[in-house]
1. For Cα pairs less than 8 Å apart in space and 6+ apart in sequence, what is the mean separation divided by the residue count of the stretch 96-180, i.e. the relative contact order in percent?
2. Return the single residue from R255, R154, R183 with maximal mean-square fluctuation; model: Gaussian network over the chain, springs between Cα atoms under 10 Å.
3. I need the helices of the chain that pass two filters: whole DSSP H segments spanning 30 Å or more by Cα along the axis, and mean Kyte-Doolittle score no lower than -0.5.
4. Show me, for the stretch 245-256, the HN-Hα J-couplings you get by feeding each phi into the Karplus relation (A = 6.51, B = -1.76, C = 1.60, θ = phi - 60°), rounded to Hz, glycine and proline as x.
5. Return the sequence-ordered ³J(HN,Hα) values of the stretch 109-123 in whole Hz as given by the Karplus equation 6.51 cos²θ - 1.76 cosθ + 1.60 applied to θ = phi - 60°, using x for Gly and Pro.
6. For the chain, what is the mean residue ellipticity at 222 nm derived from helices alone (per DSSP H run of n ≥ 4: -39500 (n - 2.57); sum divided by total residues; nearest 500 deg cm²/dmol)?
7. What order do you get for 330-342, 89-101, 366-378 when each peptide is scored by the mean count of other beta carbon atoms within 10 Å, highest first?
8. Take every Cα pair under 8 Å in the stretch 108-243 that's 6+ residues apart, average their separations, divide by the length, and report that relative contact order as a whole percent.
Amino acid sequence: APPETSPPSLPDALPINAILVVNAGSSSLKFQVFATDASGQLDCLVKGQMDGIGTRPRLRATGPDKKPLIDQSYSVEKVPDLPAATQETGDWLRQTQKVNLVAVGHRVVHGGPEYSRPVRLTADVVAQLERYVSLAPLHQPNNLAPIRTLLSRRPELPQVACFDTAFHRDHPKVADYYALPERFYKEGVRRYGFHGLSYEYIAQRLPDVAPNISKGRVIVAHLGSGASMCALANGRSIESTLGFTALDGLAMGTRPGQLDPGVVLYLIAEKGMTPAAVQDLFYKESGLKGLSGISNDVRELQESADPKAAFALDYFVYRVSLFAGMLAAALGGLDGFVFTAGIGENSATMRARIAEKLGWLGVTLDVDANTARKPLISRNDSRVAVYVIPTNEELMIAQHTLALISGRAERAAE
């Protein structure tokens, strides 16, 4: 784990009570500060991130009016790793934002079989979550590092873990089991699904944005550097493309997606690769980066004239369409399709290519609406309504954190 450093603490006893949301990744630290009051209202005061950690560190943040509060670059020596990024971000927040921090909510990728809802963090809970580092090596260590720091430096400050796996925990057993002996399921070897905070947010937004499909059969495509798809029936997850780890399903920026287990056996037995080398290959060198040999970024691949870049994009579109068919089968039909996350929200070209592949399911795209980035991008005569809904995992975390520290979550579970 990264060494501990000073937490992103904010000054106490100042006018505005606030919740800090931390979403720590391998090369970025996203954060939001939400003002809260006795009514439970959450208003975003600050939204920002430190990205390019270890390569080209840059801290950017905006206020509630979306005007820039800071846009500052750092040397690699100044911000070589996540702890240093946490320190710099915390210093800036403490010096500039006049709020009283009442709690911190964290995104934690893997909750294992034990955690099906948000939980108040203690040293014992952190120790339990460390068991799942090998199942999410790109995320779990970084998710836990700021938590450990704050437990040490500010033990009185409530911290809440919100899990990417929790939203999928109500899947029927037939969706969660692997065809392995029962003892492995009991040990926790099962299909968990991820990106649950994103899917939960979209499910929460559907009644307002798309009431015509909110209680129906909907596929949500969370397409970004990490990518997956989820089948929603009446707003509840019933199937997902991701499984035991975040390697399954769609090809991603640097991860291969669905893979024959025999490939793993071949790499170890025939190629002599160590488990650690295989892990690095699957998490860091595969996916769009591996297929193209150029980049894991869809924007760069779209701009490239290299045939391998075009092939990588073709592969991504093809796999999305294949898994759409699988999820439609799990739902027994399809009423709506939602694009979200970086690629889904921002690339009209990729949306159009995927929608064309889904024509057999009844998707007919409105080209002008798609280009204009409107919420509804399907034509009136489309049998399947297609939407673009920006996700907001940080708001979902803030809502869970507030509910837990105020006792509403416990009352709802009773």
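Nothing in this text is a laboratory measurement; each read-out follows from the coordinates by a stated rule. All of these numbers come straight from a predicted model, not from anything done at the bench. Don't worry about glycine lacking a Cβ; one is built from the backbone with ideal geometry, like all the others, and counts go over all protein chains shown.
1. 48 percent
2. Highest fluctuation among the options: R183.
3. Result, helices passing both filters: 307-331.
4. With coefficients 6.51, -1.76 and 1.60, one gets 10, 8, 9, 7, x, 5, 5, 10, x, 10, 10, x Hz.
5. Going residue by residue, I get 5, 10, x, x, x, 7, 10, 10, 7, x, 9, 5, 8, 9, 4 Hz, with x marking Gly and Pro.
6. When only DSSP H runs of four or more count, the value is -11000 deg cm²/dmol.
7. Most protected by this proxy first, the peptides run 330-342, 89-101, 366-378.
8. Averaging sequence separation for qualifying contacts and normalising by length gives 23 percent for the stretch 108-243.
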